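Enquirer: Have a look at this one.
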Amino acid sequence: MREEIIVSGRANPFIDPHLNIWHWQIPLYLFLGGLAAGILFFAGMYTIMGKEKVYPTAVKKAPLIVPFLLVLGLIALFLDLKHKPFFWRLYTTIRIESPMSWGAWVLMLVTPLSFIWAAINVREIFPKWDWKFDAIKKLEAFFIRHKLILAWIMVISSVILGVYTGILFSAFNARPLWNTSILGPLFLASGMSAGAAMIMLLSKDHAERTLFSKIDIGIIAVEMFLIVHMFMGFLASTQVQIDAAALFLGGPYTASFWIFVVILGMIVPVVLEVLELYKFKVPVLIPAILVLFGSLMMRFLIAFAGQESRWLY
Amino acid sequence: MASRRDFIRISGLGIGGLAISASGYGIYKNLAGTPIEPSELKVDITRTPTYCEICFWKCAGWVYKNEEGKIWKVIGNNEDQHSNGRFCPRGTGGPGMYYDEDRLKTPLIRTGERGSQTFREASWDEAFDFIAERMKAIAAEYGPECFALLTHGSGGDYFGTLVKAFGSSSIAAPSYAQCRGPREVAFQTTFGEGVGSPERIDIRDTRCLVLIGSHLGENMHNGQVQEMSDAIDKGAAIITVDPRYSIAASKSKFWLPIKPATDIALLLAWIHVLIYEESYDAEYVEKYTFGFEQLKAHVRTMTPEWAYGITTIKPELIRESAREMANASPAVIIHPGRHVTWYGDDTQRLRAVAILNALLGSWGRRGGYYVPEKLTVPSWPHPEFPTPSRSWKDAFPDQYNLAYETLASGICDATVPTLSKACNFKGWIVNGTNLPKTIPDRRKLIEAIQNLELMVVIDTMPMEVTGWADVVLPECTYLERYDSIRVSPHRKPSVALRMPATEPLYDSKPAYWMAKELSKRLGLEEYFSWNSFEEMLDWQFRQIGTSLEEMKKIGVKTFDRSYDDLYFHPGQDMQFFTNTGKIELYSTDLANEGFDPIPVYTPHEEPPDGFYRLNYGRAPMHTFSRTANNPNLTDMMAENAVWINPKVAKIWGIENDQYIYLENQDGIRSTFPVKARVTERIRWDSVFMVHGFGHDNKKLSRAYGKGASDSELISRVHLDPIMGGTGMRGNFVTFKFEPAKKEVES
Amino acid sequence: MRYAMAVDTKKCVGCSDCVVACQTENNVPIGYCRDWVVEVTNGTYPQLEIEIRSERCNQCSNAPCVRCCPTGASHFADGGIVLVTENKCIGCGACINSCPYDARYSHPGGHVDKCTFCVHRIKKGLDPACVATCPTKCMYFGDLDDPNSPVSTVLKNRKFTTLIPEAGTDPQLYFLM
């Protein structure tokens, strides 16, 4: 028998009995960030492809909620900080090796960008919107002229935002569950899938919905592929990673992961969307909400399970 | 989540935050390790000398205060032979005792029933008047001899003077009959001197340390643990005899996993091997001992094979370990243990230990037992004490003649009236000892207390014993007061000063002040005729060539020995304080009293089916029950656990960290549940717990209800007929999964 | 200059003096600790062995906590000691997640705290509090670049390990076997 105990009784809050320093704020922010990234990506991509008029929800309507999503996310992040008066220190330096620093700066870029994009498209919802001030009207005109450049910046920064939410975790090799480079692409895919689902939800146009439904199916297929390979990677890796994977393969997170994230969040929506493609009547609400839910749950479960996985003791 | 992985068990609980800002102050050594000379140190007003009161080792150290003048930390005094500049975890956690907000704050006078812990606050005057009045009443009706002092701590000096001046000689420390008494008597009858405290063992230079009944490393005798580490560095062999795989066992060359209660058989077998393989120190034995032929004849049949059947230790292991000892002779120590009151034949067991030491020639030799020297410091002049007409011994006619100190349990017994005689004690002063967790057989203790007409308790914390008192007097901690000079026997004689680092908190006061105030009301002021305690200390220091002022700067002063007699010189003639003038392998004292002159193995009761022997011991971060509320120390260990062998746990379906109740052979169930630690380190026929937990006084906010009390489960006491020691390891427990049902009130 | 610490597991008895000394010296709040003692028991009665380790921040040379800090609050100081500048720390917890030894904790004041090798003491030429107080003298501290320092001497003469070297952090806390 092997017995390993801390005889001096370590009971540091948030550290023991297992790490729980990040609570709901971080996974919520990661979800919102991923969702925002997905929406902005499609908005930018279809603008570049010149399909603004064909997919108005994707390009104009859906991005209107992104500023709110990002502000909510930033608030959640701020709430997570334990030394709040010093939050501004994040913006006094750029540390390339720190994904968190990247994230802070990317958000600095994406948030205003999303505000601008929302501003220039506000007439999708409020056709009679008037900016009142001349300066702002001039600015709006300027941005509309350079919409293509904006779109390119949006595409690139939304990809960075989406990937960074995963890389943030995978940079921590101290948490064996996160120590896989698949996490970055996985979170990006999840974010895009959520974005596509949201666009599907908001769209009134059948052709748009069908397109994003197909995109969603494709992305989910990629996600499942990534998940399978993530687990294969863990199981073929060191003991700590095998134990980390065990959290989802018989451990306390098994049921919630496979049911909420995989079945409800991926498989069922795919099935429903495929059925819809074959002309069965499925209220579009269901698969969209399920996808969003699955994406949120994945962030939560990986955040909590990751903190439980460890090298020592 | 089951897998081959290890998982962590965290044995402790945290509590709220306490943050003090502080700055650092320089101390003694630089990285190269050379100590800075005292003359280079400024008189540092933020550092004051003290000696620790948390256990009896009394390590001298320095108390540091921070910029705000609050106590910051306590560290060791480099010059001190007890600590060598390094305090143990309890000493380092001393500030916790000072900052503990559960401390006693004002004098209390009982309003409810004894044991109900209901008091009202009183002024010091009121408390003293109450006490003095009752004391005089007791003296008038029964005689002053009916007053006793039970003490463990510095305050014993002053209350001792008071009680002796009052007319009684019944002053007892529980550390005698409840702890080290048997070994003192055993060594006194063998060598003519006791072992003393600190134990006079030369671990630093030993080549073989035999621990039988000592779990050094878990019990934190500071100097001994330090010297054991030195010995390990020098390649000394450690031999541990313990049914449990103690920390010392893990550092031992030989670990003898002995069946509990069979130690005497092993010791006799070792003696047999040394004698019959002729590996004992023949020259030493020839010159200094008496009774060798009787001893040789006595152990003729006590072979390792015989011992194997009793102890379950293989004969080859017994022989090998004996040879290891013999090879190291005379630099070998059979450790005398500390708490040795186990089965009732403990004096005899320690006699065997003493005999073994004598055969190996370790007494008085380097690496064995050195000759300690203690300074003689004159006491402040006072009138002669009155001679009491009777003492506690009168309650036990013809018994315990060899007990050279007073038995606390004897006083307790003598407080209960019996059919044949009226009881002997009517009043107790209890200073710094938590009797319910010290004296075994709680029922008898409570019966005794109920017969008292006055019980005064002096303590720093609201320990269980305070609930039974008529008057509770709050003592300030050692960090807040002066105390008598520490005069300890050691390799070199030394003195140490304790001075206050800060004013006492709340309305607590030092014990010397209490004794002096009481003396005024009893007409005994001449026994405390100093104007201030500092005056007395300074006078005493001047008698030995220093002064209070100097001592405040250096804390400890070490003197040279009067003679070069730390060890015997080769061929030196020695007289020992025994009847024969020699080391008595055959004890004439014991023979005269009608006891076995050479130890004999007697089998002891074994646990009945489904029961396991209750073994208890120490943890290095706690001292008895007194530190169980110290915030620094509970941070590390907040509760104890009961160690259970995995095979046993499997039978009972007990899992690690599961909370269970323990019930002993007399049907007494533990008040609180205790966590189970399923570990391979304990034998399948016993369980182990650290002593001092399971506090049931709610005023101890951190200690209340944490862990279980082993004292509660020690209801069966095996009295040592030689000196009255109370053997406590003859209790057995079984496991229960519910608390005891409360009795239905009719 | 590269500071390091070595702990002799053969002599350590698990008394946890290092934990209390650190707590009083550095005013670590009650309920928190910067260092701790781990006891590992292997085997079946009576074939048993115990290893005891006094652990703390390993002051890694390749510290992930410094790498991932977004504000630069976690930084390398003289001798390779990893320190946290309180007024730069935003309490994001990234460093806590990045430490494979779980050596950091969130101080009630909001910033992140951990063992500092008692940098305030070593500047004055003293040992860290834990090393200075250890009753078994089983802890050694010093400059690895100085061949005569206590830690260099003891590492020359004894076999040693570090904790999870495969995590790639290059820890500077050595355990003598």
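The values are calculated or read from the model by the stated rules, or taken from the named source; none is laboratory data. From a predicted model like this one, the values you see are computed outputs, not experimental measurements. Ideal geometry is used to build each Cβ from the backbone, glycine not excepted, and the neighbour counts take in all protein chains shown.
Enquirer: Residues that are farther than 30 Å from residue B:596 by Cα and touching a strand residue (DSSP E or B) at 6+ places or on another chain (Cβ under 6 Å): list the strands (runs of 3 or more DSSP E) wholly contained in segment B:182-293 that include at least 1 such residues. Walk me through it before giving the result.
Expert: Numbers: elements: B:208-212, B:237-241, B:254-256.
In segment B:182-293, B:237-241, B:254-256 are the strands (runs of 3 or more DSSP E) which contain 1 or more residues that are farther than 30 Å from residue B:596 by Cα and touching a strand residue (DSSP E or B) at 6+ places or on another chain (Cβ under 6 Å).
Enquirer: Here is a further query. Show me the helices (runs of 4 or more DSSP H) entirely contained within segment C:67-177 in which 2 or more residues are away from every other protein chain (no Cβ under 11 Å) and buried (at least 21 other Cβ atoms within 10 Å of the Cβ).
Expert: Details: elements: C:94-98, C:119-122, C:129-133, C:150-157.
It comes to none.
Enquirer: Return the residues of segment B:204-239 that are among the β-branched types (Val, Ile, Thr) and away from chain C (no Cβ under 12 Å); say none if nothing qualifies. It would help to see each step written out before you state the result.
Expert: Narrowing segment B:204-239 to residues among the β-branched types (Val, Ile, Thr): B:206, B:210, B:212, B:225, B:232, B:238-239.
If the condition is that a residue be among the β-branched types (Val, Ile, Thr) and away from chain C (no Cβ under 12 Å), then B:206, B:210, B:212, B:239 are the ones that fit.
Enquirer: What number of residues within segment B:544-567 satisfy the criterion of being assigned to a loop (DSSP other than H, G, I, E, B) and either over 23 Å from residue B:501 (Cβ atoms) or out of contact with any Lys or Arg (no Cβ under 7 Å at 6 or more places or on another chain) (or both)?
Expert: Taking segment B:544-567 and keeping what is assigned to a loop (DSSP other than H, G, I, E, B), we get B:544-547, B:555, B:559-567.
From what is left, the residues that are either over 23 Å from residue B:501 (Cβ atoms) or out of contact with any Lys or Arg (no Cβ under 7 Å at 6 or more places or on another chain) (or both) are B:544-545, B:547, B:555, B:559-567.
Qualifying residue count for the region: 13.
Enquirer: Go over the candidates A:301, A:275, A:264 one by one and state the one that is without any contact (Cβ under 8 Å) to a residue 12 or more places away in the chain and either under 30 Å from residue A:174 (Cα atoms) or part of a helix (DSSP H, G or I) (or both). Before the answer, list the steps.
Expert: Values: A:301 fails: without any contact (Cβ under 8 Å) to a residue 12 or more places away in the chain; A:264 fails: without any contact (Cβ under 8 Å) to a residue 12 or more places away in the chain.
Step by step, each of A:301, A:275, A:264 is checked, and only A:275 is without any contact (Cβ under 8 Å) to a residue 12 or more places away in the chain and either under 30 Å from residue A:174 (Cα atoms) or part of a helix (DSSP H, G or I) (or both).
Enquirer: So if I check each of C:90, C:81, which one is closer than 23 Å to residue A:77 by Cβ and aliphatic (A, V, I, L, M)?
Expert: Only one candidate passes the filter, namely C:90.
Enquirer: In addition: Return the pair list, or none, for Cβ contacts closer than 6 Å from residues in segment B:628-645 that are away from chain A (no Cβ under 12 Å) to residues that are assigned to a helix (DSSP H, G or I), at least 6 apart or on different chains.
Expert: These pairs meet every condition: B:630/B:96; B:630/B:97; B:631/B:96.
Enquirer: Next question, about the same structure. Of the conditions (1) within 17 Å of the chain's Cα centre (by Cα); (2) not in a helix (DSSP H, G or I), residue A:174 clears all except one; give me its number.
Expert: (1)
Enquirer: For segment C:7-38, which positions are in a helix (DSSP H, G or I), more than 7 Å from chain B (Cβ to nearest Cβ) and touching a strand residue (DSSP E or B) at 6+ places or on another chain (Cβ under 9 Å)?
Expert: Our first condition is that a residue be in a helix (DSSP H, G or I); within segment C:7-38, this holds for C:17-25.
Of the ones still in play, those that are also more than 7 Å from chain B (Cβ to nearest Cβ) are C:18, C:22.
Correct list: C:18 only.
Enquirer: Do the conditions hold for residue B:389, that is, is it surrounded by fewer than 24 Cβ atoms within 10 Å (Cβ to Cβ), assigned by TED's automatic domain parsing to the domain that holds residue B:525 and among the polar types (S, T, N, Q)?
Expert: yes
Enquirer: Is it the case that some residue within segment A:96-108 is assigned to a helix (DSSP H, G or I), of a type in the set (A, V, I, L, M, F, W, C) and more than 14 Å from chain C (Cβ to nearest Cβ)?
Expert: Step one: filter segment A:96-108 for residues assigned to a helix (DSSP H, G or I), giving A:99-108.
Filter once more, keeping what is of a type in the set (A, V, I, L, M, F, W, C): A:100, A:102, A:104-108.
Filter once more, keeping what is more than 14 Å from chain C (Cβ to nearest Cβ): none.
Checking segment A:96-108: not a single residue is assigned to a helix (DSSP H, G or I), of a type in the set (A, V, I, L, M, F, W, C) and more than 14 Å from chain C (Cβ to nearest Cβ).
Enquirer: Say whether the condition of being over 22 Å from the mean Cα position of the chain (by Cα), assigned to a loop (DSSP other than H, G, I, E, B), away from chain C (no Cβ under 14 Å) and polar (S, T, N, Q) is met by at least one residue in segment B:612-625.
Expert: No.
Enquirer: Would you check if residue B:650 is over 21 Å from the mean Cα position of the chain (by Cα), surrounded by fewer than 24 Cβ atoms within 10 Å (Cβ to Cβ), within 14 Å of another protein chain (Cβ to nearest Cβ) and among the basic types (Lys, Arg)? Outline the logic, then answer.
Expert: Values: over 21 Å from the mean Cα position of the chain (by Cα): yes; surrounded by fewer than 24 Cβ atoms within 10 Å (Cβ to Cβ): yes; within 14 Å of another protein chain (Cβ to nearest Cβ): yes; among the basic types (Lys, Arg): yes.
Taking the combined requirement at face value, the residue satisfies it.
Enquirer: Right, something else. Of everything in segment B:356-393 that's assigned to a loop (DSSP other than H, G, I, E, B) and of a type in the set (S, T, N, Q), which residue is modelled with the highest pLDDT?
Expert: Our first condition is that a residue be assigned to a loop (DSSP other than H, G, I, E, B); within segment B:356-393, this holds for B:360-362, B:364-368, B:370-372, B:374-391.
Add one more test, that the residue is of a type in the set (S, T, N, Q), and what stays is B:362, B:376, B:379, B:387, B:389, B:391.
On the way: B:362: 96, B:376: 93, B:379: 92, B:387: 93, B:389: 87, B:391: 81.
Of everything passing the filter in segment B:356-393, B:362 is modelled with the highest pLDDT.
Enquirer: Also: Given (1) in a helix (DSSP H, G or I); (2) modelled with pLDDT of 95 or more; (3) loosely packed, with under 15 Cβ neighbours inside 10 Å, identify the lone condition not met by residue B:603.
Expert: Checking residue B:603 against (1) in a helix (DSSP H, G or I); (2) modelled with pLDDT of 95 or more; (3) loosely packed, with under 15 Cβ neighbours inside 10 Å, the one that fails is (1).
Enquirer: Another question about this same structure. Out of all the residues in segment B:667-681, which are in contact with a helix residue (DSSP H, G or I) (Cβ under 9 Å, 6 or more places away or on another chain) and either of a type in the set (D, E, K, R) or facing another protein chain (nearest Cβ under 10 Å) (or both)?
Expert: Answer for segment B:667-681, where residues must be in contact with a helix residue (DSSP H, G or I) (Cβ under 9 Å, 6 or more places away or on another chain) and either of a type in the set (D, E, K, R) or facing another protein chain (nearest Cβ under 10 Å) (or both): B:669, B:678, B:679, B:680, B:681.
Enquirer: Same structure, new question: Scan segment A:63-86 and tell me whether some residue there is within 14 Å of another protein chain (Cβ to nearest Cβ), touching an Asp or Glu at 6+ places or on another chain (Cβ under 6 Å) and not in a helix (DSSP H, G or I).
Expert: No.
Enquirer: Which count do you get for residues in segment B:470-479 that are touching a helix residue (DSSP H, G or I) at 6+ places or on another chain (Cβ under 7 Å) and among the charged types (D, E, K, R)? Break it down into steps so the answer makes sense when it comes.
Expert: Taking segment B:470-479 and keeping what is touching a helix residue (DSSP H, G or I) at 6+ places or on another chain (Cβ under 7 Å), we get B:471-473, B:475, B:477, B:479.
Going one step further and asking which of them are among the charged types (D, E, K, R), we end up with B:475.
So the count comes out to 1.
Enquirer: Checking the structure you have, find out if any residue of segment C:39-46 is surrounded by 24 or more Cβ atoms within 10 Å (Cβ to Cβ) and either of a type in the set (D, E, K, R) or within 9 Å of chain A (Cβ to nearest Cβ) (or both). Talk me through it step by step, then tell me what you get.
Expert: Within segment C:39-46, the first condition is being surrounded by 24 or more Cβ atoms within 10 Å (Cβ to Cβ), and the residues that meet it are none.
Checked segment C:39-46: no residue is surrounded by 24 or more Cβ atoms within 10 Å (Cβ to Cβ) and either of a type in the set (D, E, K, R) or within 9 Å of chain A (Cβ to nearest Cβ) (or both).
Enquirer: Does residue B:136 count as basic (Lys, Arg) and out of contact with any strand residue (DSSP E or B) (no Cβ under 8 Å at 6 or more places or on another chain)?
Expert: Values: basic (Lys, Arg): yes; out of contact with any strand residue (DSSP E or B) (no Cβ under 8 Å at 6 or more places or on another chain): yes.
When the stated conditions are applied, residue B:136 passes them.
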